[in-house]
Amino acid sequence: MEPCQNPFQRVESEAARRWSRTKNKGGAKEAIDDLMKYEGLEEIKLYFLNIRESIRFARIQGRKPENENYNVAFEGNPGTGKTSVARLYHALLESLGIVATDIVETSGVELATDGPSGLRRDVRLILKDEDVSGTLFIDESYQMLSDHQGRQVLDIVLKSMSDKIGKLVVIFAGYKKQMEPFFEYNQGLTSRIGRRFHFPNFPKAGLWEIFVKHVQEDYTKMRFEGGVDGIYVQIAIQRLERGSHNASFGNARAVQACVSQMVQRQLSRLSKQELAMSEDEARQSDTKQGKSHQDLARGIQGISEDLKRRGRYGSIESTTVLVSEDVSMNLGSSSSSDECPDDDRLLDEGSDLKERYCLLTRDDIIGPPPGQVFESQAWRQLQNLVGLDEVKSSVRTLIESLDLNYKRECEGDSVIQLPLNRVFVGQPGTGKTTVAKLYGQILADIGLLSRGDVVIKTPADFIAAHVGGSEEKTSKILEATLGSVLIIDEAYMFDAGDDGSTTSNYKASVLDTIVANVQGDCNEDRCILLLGYEDRLKNMFKNMNPGLSRRFQASHPWRFADYGPSDMKEILTRSMKQEQLKYTQEAFKTALEILQRASIRPDFANAAEVGHCLAVAKANYIQRISKLPHNEKSGQDHFLPEDFDPDLKSKHESLADEMLENLGTDVANRLISYEQTGRRAIESRLPNPHLVLSNLLAFKGSPGTGKRTAARFLARIYYNLGCLSSPEVVSHTGPDFIGRYVGQTAPKTRDLLQKALGKVLLIDDVLGLNHEPYGAEALGEMVQFISGLSYPKTMVIILTDSVQNVNILLKSRPSLKAHFRDEIMFEDLLPDDCISLLTRELEAQSVLLPKLQKPDHMHPTMSSLRHAIHKLQQVPGFQNAGDMIQIARRVLVKILEPGMPLINNPDGKGFTVEVAFLRSCVHEMAQQRQRQYVVMLQTQAPHNTSRKRTMRSDDHGPRKAPRTETATKTEASPAKAVSKEVEVTKKTQEKEQPKVKEANTAQEPGQSHVEREKGVSDEVWAQLQVYKKEALTRNATAEQKKKQEQIQQKLRNSGVCEFGYEWIEEHGGYRCAGGMHFMNHSDIRDLQD
């Protein structure tokens, strides 16, 4: 190798200057001379000199230097010279007469494996034989703590260090971090060790010297472009030095690996060049041989024509043709000897091949320019992926930045640090893992990763179940993936949050270990990618080790956006082409509709949805073909629309008839208009047809009026139109969104809303959202969710409650009211509607009512049942259809009670019951409901005015007067199977509605006579009379009277008291003069004027 000098400035050594002045005073010159050749190690060099001087002075002074403590510990990364210096240390002590025998070298693993009884003979002698004097070197000493046997051996070593002072010197060596618990194992260990030395990583000058020495020993004929002290070798050394901060940096081993990588790059380059040369030579040979064949063919053709002209028509094959020697040579085998050229001859001095085979070029030494990767296969595969424009742009920007750094290095300028570790955020199926693999290959092609393979892990692979286990597992994974791309999928699971549990501590330990061992620059020979959802990863970076964000560029993640319709179409086309699947255009269109609908779901799997879609289609196709006769199966190789969606036909059918059958006319017509509007928008090929449909609605009405049924129909309509991913209705109540403590409500609300994406979310009991203080937080989160840019109308939210409760909520929350502008009113059922519904429920249980199969509205029996249901409707808490279902169950239970006579149906299935029996069940429910309401009135606390509301108007509060058959019907019954009564006779009307007539002739508020209502206790009635007298006194003045008149007017307009009685003020609110109905002051303030 050509002569050279170190291009890096060596650090001036104080120990070297001191040695040059004192080396002739005393012995151990050879050992110290060898030590002075090492770059750095200033502390240990001075220690060698001090030992030499102290022993010399001790002997002059008559002391015994052998009794001093010469035990030491060497700590540092691999390849820093610990073993070599240990041998020099023994040579120093031996030359100075401190120890006599050779050094005994072993390791902590070996000692732990052998145990006390299996120690090597030389180890056993130096530890236990009093006559043996020497040095014991234990590399990786901390390994002795790995098991019980190793600790026993360590105890033996410690005892020998005390017993054999002056005859035994022990040198412990290992990595600095692992040596800390080693010294903590036994307090006596520190006192037995004279000094602990840290071996730092070699600087650039030291690495260059190791490099030159390694090349001189193993690559004697190699030459470097620019020289071994040239710019390219300097760049390689600088790159090594920049990676020396890593705890696993191997120093001398790293230099050897660097040279090996250079040679591998040269081998790859030469192989490609020789292959290209061989191909060129083959083409030239083929061209030359082809020309010779053409000349010969023309000559033969000329001879043949000449023979024909001469009248000789014999076969040309029988004619002897003489050709020249040159032509005959070309017609023979053109291949030369396959033997390889003599390597020694080719590499003789002056041979042209010697320069080629022994020269390491720039690209061999530091790798090719990163810009060349744009021609690589990995880059082409990345560009061929569907979509991912932002990610592709990010990779291009990184490569261009690396290329700029490459040019700066070649010009001698400092480089711009570029991190390789990245955060990939996006939904499942967006290509994160695929891009990660290609990204790793690109980095390997550039030369930034020594291996470039991809290792995929999850947080579960890092987390252990005991203290210290997570750190150990993480360190092993990091060590094993050096030079590779380490992908940690679902990395957000490392987030411990506010848990505070033991598992959370283990998670934190994993990230702390990563932060301690990973820096993130491009010279680290590693790349770690964290994959997951963006919001959850943000929380992890926020809650965990602050150094994690810097090492992974958390503020600039690579975002993998969901695939759009055009991307999904391209993926579907490629997948079907790759699997050689045939399909009709309608089938392909149906598949795209399914994928579009799936994209609405919160768990949309992007490209993976295509695989699922095709799997379903293939299964349906096979099932369809298997049902065909054998002679019809041929030619059926195309997928049809029904293979992708078996329910396709039903989705194109209107639900109008079914809705008219099960819903009131007004409600059904409203939903039918939604269906027709959506279909027209689709037929018009609007870009976003779902934008014309309302997705935020308020359903107002009493319980049991069909609000849930309407919501299910609405879900089916929107699903069939492709606006929802599922026809499912997710039901919650207002209190479900309220948390129990500060900070719980917002995430709880957001989670419930996220889970309902692509579906219909029905929120009942909406007034529960109005409770302070957490209700405001829930509503605020809901409004923010609805208003957010990420909310593309992919769900339907329905607020449902009584008219009064919905109005109170929307009035108190203007921001919510601005969104829920569409409302649908649900009227209470008429008595005949209830009878029809009750009949249907009983028939479903095989319980027949012959008298009601064809109802005679004039029949007294029919009128009595209608009257009983009418009385039930007057009782607070009437549930409409819900009560009819409960009555049907009550009838069935009572029929089956022991001792009850049974009337079997003619067909032997089920029973027949009389109307009177049914009427008694209705009456029992009415009485039970009345008693429950009276108990509620007696137990409620009217003096507690701090409560926002005393009761819900639809559960326990007073009801409006029920609709009767005399009322004008604006809406058809939910039970269309039973005809509706328009008028009833005067006799029936008087029998059923005595209180309605009384309400119509009710006295004005000032009248003195009021009839006591049924169900009002004596205690309540007596107290009410006292309040009446107090009210007369309070209303003495004109102003008070005017105020009371306004309150009375509000209460009358509310319709709470169906008989129009005057309201009497009492503690906490007002009660109607009949004694049945009560409203507190807050309720009255919420009433509309």
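Bear in mind that the values in this text are calculations on the coordinates, not laboratory data. Just so we're clear, the structure is a prediction, and the values are computed from it rather than from any experiment. A quick note on method: Cβ atoms are made from the backbone with ideal geometry, for glycine too, and the neighbour counts reach across all protein chains shown.
In whole Å, what is the distance between the alpha-carbon centres of the range 148-163 and the range 28-106?
So the two Cα centres are separated by 23 Å.
Calculate, axis by axis, the spread of Cα positions in the range 386-459 along the three principal axes, and write the results as whole Å, longest axis first.
That gives 44, 26, 20 Å along the principal axes, largest extent first.
Sorting check: for 608-617, 230-239, which peptide has the highest mean count of neighbouring beta carbons within 10 Å, and how do the rest follow? Spell out each step's value before the answer.
Values: 608-617: 17.8, 230-239: 20.5.
For the peptides 608-617, 230-239, the packing ranking is 230-239, 608-617.
Once you have a ≥ b ≥ c as the square roots of the Cα gyration tensor eigenvalues for the range 59-203, tell me rounded if a/c is under 1.5, and otherwise prolate or oblate according to whether a/b is larger than b/c. Spell out each step's value before the answer.
Numbers: a/c = 1.60, a/b = 1.16, b/c = 1.38.
Because a/c hits 1.5 or more and a/b fails to exceed b/c, the range 59-203 counts as oblate.
Take the cross-link list K37/K221; K23/K213; K64/K167; K507/K542 and give me the ones stretching past 21 Å between alpha-carbons.
On the way: K37/K221 25 Å; K23/K213 26 Å; K64/K167 12 Å; K507/K542 14 Å.
Long pairs (Cα-Cα over 21 Å): K37/K221; K23/K213.
Among the listed pairs K45/K159; K392/K755; K432/K569; K437/K476, which are separated by more than 25 Å between their Cα atoms? Show your work: numbers first, answer last.
Working: K45/K159 29 Å; K392/K755 32 Å; K432/K569 19 Å; K437/K476 21 Å.
Where the Cα-Cα span goes over 25 Å, the pairs concerned are K45/K159; K392/K755.
Give me the distance in nm between label points sitting 7 Å out from Cα along the Cα-to-Cβ direction at T665 and E728, one decimal.
Here the modelled spin labels are 3.8 nm apart.
Can you give me the C-alpha center-to-center distance between the range 617-681 and the range 696-772, rounded to a whole angstrom?
Cα centroid to Cα centroid, the span is 27 Å.
Would you please report the Å³ per residue occupied by the convex hull of the alpha carbon atoms in the range 565-648? Display every interim value, and only then the final one.
Numbers: hull volume 7.5 nm³, N = 84.
With only Cα atoms used, the range 565-648 gives 90 Å³ per residue.
What whole number of Å gives the distance from the Cα centroid of the range 498-562 to the Cα centroid of the range 215-247?
Taking the Cα centre of each part, the range 215-247 and the range 498-562 sit 34 Å apart.
Residues with amide H under 5 Å of N6's amide H, sequence separation 5 or more or different chain, H placed in the peptide plane at 1.01 Å from N; which?
Residues meeting the criterion, in which the H sits 1.01 Å from N, do not exist here.
What is the packing order of peptides 151-161, 632-642, taking the mean over residues of other C-beta atoms within 10 Å and listing the highest first?
Details: 151-161: 18.1, 632-642: 13.4.
Ranked by mean Cβ neighbours within 10 Å, highest first: 151-161, 632-642.
Rounded, prolate or oblate: pick one for the range 368-560, where a ≥ b ≥ c are the square roots of the eigenvalues of its C-alpha gyration tensor, a/c under 1.5 means rounded, and failing that, prolate if a/b is larger than b/c, else oblate. Don't jump to the answer; show the numbers that get you there.
Working: a/c = 1.99, a/b = 1.61, b/c = 1.24.
The shape class here is prolate.
Taking neighbour counts of Cβ atoms within 10 Å as a proxy for exposure, in what order, fewest first, do W379, W1063 appear? It would help to have the intermediate numbers written out before the result.
Numbers: W379 20, W1063 25.
Final ranking by Cβ density, sparse to dense: W379, W1063.
Quick check on the exposure proxy: order K1041, K473 from fewest to most C-beta atoms within 10 angstrom.
K1041, K473
Under the classification rounded if a/c is under 1.5, otherwise prolate if a/b is larger than b/c and oblate if not, where does the range 695-805 fall, given a ≥ b ≥ c as square roots of the Cα gyration tensor eigenvalues?
Cα axes put the range 695-805 in the oblate bin.
So how do 48-56, 407-415 stack up, highest first, on mean other-Cβ count within 10 Å?
Values: 48-56: 18.7, 407-415: 12.8.
Most protected by this proxy first, the peptides run 48-56, 407-415.
Name the residues of the range 355-383 whose amide N is less than 17 Å from a point 7 angstrom out from the Cα of E274 along the C-beta direction?
355-361
Pop a pseudo-label 7 angstrom from the Cα along the beta-carbon direction at both R1085 and N688 and give the gap in nm to one decimal.
Placing both labels 7 Å beyond Cα along the Cβ direction yields 4.1 nm.
Taking amide H positions as placed in the peptide plane 1.01 Å from N, state which residues far from V170 in sequence (5 or more) or on other chains have amide H under 5 Å from it.
Those qualifying (amide H under 5 Å, at least 5 residues apart or on another chain) are N71, V72, L136.
Fewest to most neighbouring Cβ within 10 Å: what's the order for S815, S673?
Values: S815 13, S673 10.
Ranked by crowding around the Cβ, least crowded first: S673, S815.
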